[in-house]
Each structure stands twice: as C-alpha cells, then as structure tokens.
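Working notes, beginning with the structure itself.
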C-alpha cells in the first residue's frame, strides 16, 4: 500500500470523474438543436446505438445524491413526464434518416422504478417501436428497493430488462438515517429475489463510501452484506460532497464525514475484499465476476466508460432522452435542458430539447481515448493514439504533465507507454487529470479524487 501521508496529500486534489472528455462543465450553448440534427443525420445507417433514458423523480430525496432529480408526492408529474419522453423519442427517430439498430438500453434517474407498470410498458413500446432493438441487446435499469413491488418486477421482466442495478449505498441504520435513505436489508433482498424470479438474472449492487458515520468496521459489514446478495457486479463509488452544487447535501454535516485517510482505506478495503472473493477489479471502482461481460471486457481490453460508469457496451453513439440527459456521438456531446420546464417547453414547440454541448477536435479525441484507456486498463500506449489521430500535442505534453506523479511512483512512462502502478490504482483520476487540457479553465467544481 502507498505511504499513507503521501496518499492523503495526493487524494485531496479535486478532479473530474471522467465519464466523458471534455467533461460536462465545459459544454456550452454554441452546440444547438440544428447541429445535433446534423450530427444525427450523419450517423452511418448501420451504426449500432446505445439509448439512455433519464427519469428525474424520486419518492424522497437522498441527501447524498448528486443526480438531476427531485422528490414528488403524487404521480401526475411523473405520468406527464413520461408523455414528454415519448415525444422526444419520436422526434429523435424522425431526425435519423434510417431505422437504427440498438444494442444497449439503460434507464436511470432519479428512480426509473418510480414509473407505474403501465408507463414502463408505454416507454418500452416507444423505444422498440422507433428503433430496431436487437434480440441480444442488454437492457439495464436502476432500481430503488424501497417500495419495490412484485408487480414492478414482473413488468420489467415483460419489458425485456436483462440487468438491474440495486441501490444499496450502506446497510448501517445510523448511516442510512444521516443520508435520509432508510432501507432495510429485507427490502433489498426482496427486490433482488423478485427480479431474479422474473428472469432478470444479472444483478449489480451499488455501494457508497465516504458517508457520515462510516467507519472501516461498519464498511466491512456493508461489504459482507453486499457479497451475500451474490451480485454479478458491484460499483463502489466515493461520495462527492459538494453542497455548493447540490444544496440538499448541506443537510449532511461535513464534520460527520470520514477524512481522506479513511476514504482511501475504504476504497482499498473494498478492492481487497471483493478481489479476495473471486471478483475481477474493473477499472477504478467496479468489480465483476470473471464470466460477467464486464469482467470479460476488463480482461480482453475492450472495456469502455460512459456517463453510467464502466460498460461492456461498444456502440459508437449514445442517444440520451429526458431532462439533463447527455448524448455522446462521434462528432461530440449534447446535453438536454436540465430542468423539466425547459425540457417541456422545447418539446411542446416541436424542438429537440438541446441546451448545450461541445464539438470534438482531433486533440480532444486523442486525449479522450488516452483518458478512457487509463480509466479502464490503467495503461495507455500514446504512440498508438498519435498514429491514430495525427496532429496532437499529447505525446510532447505528457512527460511534464506527469512528472510529479512519476517521481511519486504513481505512474511510469517508458517509450510513450504510461502505466499506473498496481498499488496506486485508486489514483487513476489524478493520472487522467494530467491529460486534461480543460481542467484549469472555467469554474468547474469537482470532488476529491478518492
């Protein structure tokens, strides 16, 4: 394990999570609806797509949440929003000159399982009606076990869902109360049993460290409970406390949060625990059974990273639906109106609800690939990237950008090949930040790096 004081000093730096490059704070309003339409029209007819649907509603707001979502106390806004999603899906399909194959679907939020069964089926029918969803497509959904019903599980099975991500976070009642997410072990177990009983065999479990009142001992109990659920994958995220960005996070007293040293210890404990029980470490913070597609992708060097985290999905274009959702196309990124009123107004005017985005340069593409390979493989061959993208300063810039991390033993650089030391896997975001030409520009806010 790296020297602890060195780790504490290093991981105090605030850097992006690199689910995209350039990262979302650098998107701008210069990318318009018309440009997005041009990008859609330019996609090759046989290019497979990935579809993301964002449902920005929850029954109650978890105070740790960093997503674009809001709590609702009655269902009408959710039903009305589902109608808007159907309108956007139809508009995007109309903007595409051909009916497109789809190999991956993901419903996220918020809590997409807040949708009533009838609306789940309406949304599913719209996607399948406008796109050619392949028979072997992966269909994933994020599940809040609180209030989850057998009827919801049956509906998801009928819709063709193949994988469910279960939000666990932490199973300690003291921690749960402090983050406004009280969730019994029985609720979690019931949701998983119902999903598996309806043919949804692939289960993810999401847990979160860096929460109030967490200790290494309490975290160990959460790890053991998560393992006992027999998941195929686990995501182990570090809580990002940014109350200036998400005001409800101010309800969590900063004094109750574990410090960098404990956060680092939690990340390392999770890695040692799950790898010790036969899981493969996937990128920075995911774990998978060796035969799971994510585990195979990590082994084969085909792992990818998008706004939902690590994925085995290889589609070159991701289309985002819903307020705040982000699409990733070969030409660049686009993001919808963040708030539902603006999203609604655009659709009611017959417009795609694009608010901002960014057009990629070849240098952006080169740096994006370098960052993605580092996040996925913990190594990158910069010579190959320069040969692929041509004119870029990435090779010339790298020695100076990485010099401090090289001196600290975090990363090596030999003949244009950068590799993160195994014991410094948790520092991947810091290494990636050295390749980020946008990081020092603007007023972006980021979380600590562990």
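Annotations for the structure displayed:
- Number of the condition not met by residue 349 [criteria: (1) within 20 Å of residue 369 (Cβ to Cβ); (2) free of Cβ contacts under 8 Å to residues at least 12 places away in the same chain]: (1)
Residues checked against (1) in the same structural domain as residue 81 (by TED's automatic domain parsing); (2) touching a strand residue (DSSP E or B) at 6+ places or on another chain (Cβ under 6 Å); (3) more than 23 Å from residue 309 (Cα to Cα):
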position: 131; (1), (2), (3): yes, yes, yes
position: 144; (1), (2), (3): yes, yes, no
position: 148; (1), (2), (3): yes, no, yes
position: 153; (1), (2), (3): yes, no, yes
position: 164; (1), (2), (3): yes, yes, no
position: 167; (1), (2), (3): yes, yes, no
position: 177; (1), (2), (3): yes, no, yes
position: 180; (1), (2), (3): yes, no, yes
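- For the condition over 23 Å from residue 28 (Cα atoms), modelled with pLDDT of 95 or more and crowded, with 19+ Cβ neighbours inside 10 Å, residue 427 does not qualify.
- Answer residue from the stretch 27-42, given it is within 22 Å of residue 127 (Cα to Cα) and either touching a strand residue (DSSP E or B) at 6+ places or on another chain (Cβ under 6 Å) or not assigned by TED's automatic domain parsing to the domain that holds residue 81 (or both) and is surrounded by the most Cβ atoms within 10 Å (Cβ to Cβ) among those: 36
- Test: residue 402 is outside the structural domain of residue 209 (by TED's automatic domain parsing) and modelled with pLDDT under 95: yes
- The residue that is surrounded by the fewest Cβ atoms within 10 Å (Cβ to Cβ), among those in the stretch 202-215 that are within 21 Å of the chain's Cα centre (by Cα) and part of a loop (DSSP other than H, G, I, E, B), is 210.
- Test: residue in the stretch 364-381 that is free of Cβ contacts under 8 Å to residues at least 12 places away in the same chain, surrounded by fewer than 19 Cβ atoms within 10 Å (Cβ to Cβ) and not assigned by TED's automatic domain parsing to the domain that holds residue 28: no
The values are calculated or read from the model by the stated rules, or taken from the named source; none is laboratory data. Just so you know, these numbers come straight off a predicted model, no measurement behind them. Here the Cβ is made from the backbone with ideal geometry for all residues, glycine too, and neighbour counts use every protein chain on show.
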